[in-house]
Amino acid sequence: MPHSPVSITVTSSINAPISRVWESWTQPHHVKNWNHATEDWYCPEAENDLRIGGKFTYTMAAKDGSFSFDFWGVYTDIAEHQRIVIKLGDDRNMEVHFLSEGDARTKVTEIFDAETENPVDMQQMGWQMILDNFKNYTEKL
């Protein structure tokens, strides 16, 4: 799937220390709990080899069984508790930045190349919804 030169940014401030935010973002048993945009989707499988050259694969599936796909990428740069840089499976670029805002608050910012199949505003809304689920889940840990 080709990507456009458009870059999309989503962000959220999470009421949790950066170590908990990092763990929730990178550990597959956590990812399965927050990685969906709406309640009719879920993430039944998550694998993560968090190292440069390592790969993650998250299965995204409709709860009614009508559709599923693997969202995956390869890590090109990792700075623990700071950033993760990824080349997605469809050759788009993605970065995730983690910024401590004190002992109990962390800002997460995702920047990624838009794909050309769906409208940019729809992509931004979907990714923001996933990030909001991440925030809600992580704050309850």
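Looking only at region 37-50, filter to residues that are farther than 18 Å from Leu88 by Cβ and in a loop (DSSP other than H, G, I, E, B); which one of those is modelled with the highest pLDDT?
Checked region 37-50; the qualifying residue modelled with the highest pLDDT is Asp40.
So Asn133 fits all but one of (1) in contact with a helix residue (DSSP H, G or I) (Cβ under 7 Å, 6 or more places away or on another chain); (2) over 19 Å from Thr9 (Cβ atoms); (3) touching a residue at least 24 places away in the same chain (Cβ under 8 Å); (4) among the polar types (S, T, N, Q); what number is the exception?
(2)
Kindly indicate the residue of region 24-50 that is under 21 Å from Val74 (Cβ atoms) and touching a residue at least 60 places away in the same chain (Cβ under 8 Å) and also surrounded by the fewest Cβ atoms within 10 Å (Cβ to Cβ) among those meeting that condition.
His30
Output the qualifying pairs, or none if there are none: Cβ atoms under 9 angstrom, residues six or more apart or on different chains, first residue in region 66-82 and among the charged types (D, E, K, R), second residue loosely packed, with under 12 Cβ neighbours inside 10 Å.
Cβ pairs passing all conditions: Asp77/Ile52.
Any residue that is within 17 Å of Pro28 (Cα to Cα), buried (at least 16 other Cβ atoms within 10 Å of the Cβ) and out of contact with any helix residue (DSSP H, G or I) (no Cβ under 8 Å at 6 or more places or on another chain) - is there at least one of those in region 86-105?
Yes, there is a match, as at least one residue in region 86-105 is within 17 Å of Pro28 (Cα to Cα), buried (at least 16 other Cβ atoms within 10 Å of the Cβ) and out of contact with any helix residue (DSSP H, G or I) (no Cβ under 8 Å at 6 or more places or on another chain).
Within region 117-128, identify whether any single residue is in contact (Cβ under 8 Å) with a residue 40 or more places away in the chain, part of a loop (DSSP other than H, G, I, E, B) and within 17 Å of Ile8 (Cα to Cα), and answer yes or no.
Yes, that holds for at least one residue.
Criterion first (in a strand (DSSP E or B) and farther than 21 Å from Glu23 by Cβ) does Thr57 satisfy it?
Spelling it out, it is not the case that Thr57 is in a strand (DSSP E or B) and farther than 21 Å from Glu23 by Cβ.
Of all residues in region 97-112, count the ones that are touching a residue at least 24 places away in the same chain (Cβ under 8 Å) and under 13 Å from the mean Cα position of the chain (by Cα).
Total meeting the criteria: 6.
The values are calculated or read from the model by the stated rules, or taken from the named source; none is laboratory data. Treat the numbers as computed from the prediction; the structure is a model and nothing was measured. Here the Cβ is made from the backbone with ideal geometry for all residues, glycine too, and neighbour counts use every protein chain on show.
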